[in-house]
Each structure stands twice: as C-alpha cells, then as structure tokens.
Amino acid sequence: GRSEFLIEAPVGSIQEKQLFELSAASRSVDWHLFPVIEGPLTQLNSSGIPERQLRLIGLDLISVANLPNFIEHDFSIGEDQSEWYEWVGVSNKVWVSHDFLDVSGLRVGEEFTASVAGRVHQIVIAGALGADDAALPADLVIADLPAVQQLLARASEIDRVEVIANDRAIASNPKALSLLEREIRSELPEGLLLRASAERAADRAGMTEAFRLNLMILSLIAMLVGAYLILQALDAAGVRRRNEIATLKSLGVS
C-alpha cells in the first residue's frame, strides 16, 4: 500500500532505540507505523558474475500480514505457513514478485546467489507476492526487517517509518490529511521529522532534474571546447599556407 507520511531522521538513518520513543504514537487507532529498511541486492549467475540489480526491502512481516486490507495488490505473507516462527527473522528467506520468477526462471523454494554489501549469500525464495497478474516490479525483493539488517550489515538501523492512515478515505481528503499530520506531529519525539510521502517523490524528481541540468551544462561545455579546437585547427591550417596565400594575392586572387 501507499503510505501517507514518512518519519525520518534529520540526517542519516533512524536508530532502533528511537523506535521505543515512538511507542506512544504507535498506540493510536488512527494510523499504523511500519519501520522500513532498504538497500541494493545484486543477483549473480552461476559463474558469480552480476546479472541484475534488485531492490531489497525489509519490513515487519508480522505487521504486514496482520493488515491485509492495506495491501494494494492483495497479497499475503505467511498465510499458508502454520509454522510462521520458522521464517520470521531468517536472514536468507525472501519474497519476490511473479515477474521476478518469470525473468529469472526460478520457482518458490529454490535458491539464487546474491551479493549484498560486498558479501555473497545463498537466498531462498520463500514465496511469491500477489496474483500472477499483479503489477509488482520484477526487481522487488521483500524480507523480514531484522533479516535485511543482517544482510545489509546495518544492525540497529532503519531508513524510515511509514505511516498509513487507518481510514483509507483520508488519503484523498487534503483537509483530513492535514489534521492527521498535526496529530501525528504532536506525538513525535525530538530528533525525528514527519513529512508527506508525496514530498519524497518530489525530491526524487528534483534530483532527476538536477542531473539532467548537469548533463546539459557538460554537453554545452563539450560543444564549446569542440568549436574552439576546430577554430584552432583552421587557424593553424591558414598559418601553414601563408606563403601560398601571399603568392596568390600578389597575382590578383581575391
């Protein structure tokens, strides 16, 4: 599902001990808090050569499994597994999309080799997310939060806490969202910031625009340097033919 707000640290990551300071905010029935950690995962082929880049996301899987109505593509985690404690927190079990299985040619229960934070791991596919026709990204890989912390070598860290409103109608009501934001902000401890999820997309768009501007400036510089080199080459050619040009001018050539 899409969250309404993000709780982040002003700089860097949120430390796990700061989550305990959010305990008062987590008791509200108006919203749900989901800690998230995210990082790159490189799938390797049988020869150990990087094959493609994946997006590894760590979530509190028990919280996600308890809130099926909030999941946009209607998938569940652990529904068919009565021994849920066997996969919670296990560092090498992940959930992937059906598109991932189609692209990689793998099946649920099989392993693939991946490089994470400079270390090679054997990753087990614990399940597929959603239905076959669910529009989930082919590079999406989900695992339990502590498992991803271990894989990324980022113990006791999370990237953000996503806030999902309990009343889904609030998401399309700017006035209600503003009131909810004010209420959440009053519950936040010092050292944490709250902002709308839409701002994160705007930040990414701003970074993309800045990158395009840098490319345009570099292209213009390259064109100016090229024009200068061409003019220098023409000037050098004229200097080399000075005697010939002088002879032609003395004969009346314009």
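The values are calculated or read from the model by the stated rules, or taken from the named source; none is laboratory data. All of these numbers come straight from a predicted model, not from anything done at the bench. Glycine gets a Cβ as well: all are built from the backbone with ideal geometry, and neighbour counts include every protein chain shown. Side chains are part of the model used for accessible areas, which takes the heavy atoms of the whole protein and leaves out ligands, DNA and RNA. Shrake-Rupley method; radii C 1.70, N 1.55, O 1.52, S 1.80 Å.
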Cα-based Rg (one decimal) and Dmax (whole number) for segment 141-254, in Å? 31.9, 94
Given a Förster distance of 45 angstrom, what is the FRET efficiency for Leu220 paired with Ala24, based on the Cβ-Cβ distance and rounded to 0.05? 0.25
Using a 1.4 Å probe on the protein heavy atoms, what percent of the accessible area of the chain belongs to carbon and sulfur? 56
Give the average over all directions of the projected area of the C-alpha convex hull of the chain, one decimal, in nm². 23.9
How big is the Rg/Rh ratio for segment 90-198, C-alpha atoms only, Rh by Kirkwood, two decimals? 1.08
Sequence of Ile245, Ile230, Ile142 from largest to smallest accessible area, 1.4 Å probe: Ile230, Ile245, Ile142
Just the accessible area for Phe211, please: 1.4 Å probe, Å², rounded to the nearest 10? 130
Note down the magnitude of the dipole of segment 157-200 about its Cα centre, charges +1 on Lys and Arg C-beta and -1 on Asp and Glu C-beta and zero elsewhere, to the nearest 20 debye. 260
What FRET efficiency would be calculated for the residue pair Glu199, Ala138, taking the C-beta separation as r and a Förster radius of 35 Å, to the nearest 0.05? 0.80
Kindly provide the helix-only [θ] at 222 nm of the chain, computed as the sum of -39,500 (n - 2.57) over DSSP H runs of four or more divided by all residues, to the nearest 500 deg cm²/dmol? -11500 deg cm²/dmol
With 0.36 nm assigned to each residue of separation and the Cα-Cα distance removed, Arg119 to Leu188 gains 21.2 nm
Accessible area, probe 1.4 Å, largest first, for residues Arg27, Arg200: Arg27, Arg200
For segment 208-254, the Debye formula with one identical point scatterer on each Cα and no solvent gives log10 I(q)/I(0) at q = 0.18, 0.27, 0.30, 0.32 Å⁻¹ as -0.67, -0.89, -0.96, -1.00
Additional length obtainable on full extension of the chain from Ile230 to Arg2, 0.36 nm per residue less Cα span: 76.6 nm
Taking only protein heavy atoms and a 1.4 Å probe, what accessible area per residue, in Å², does the chain have with all protein chains in place? 61
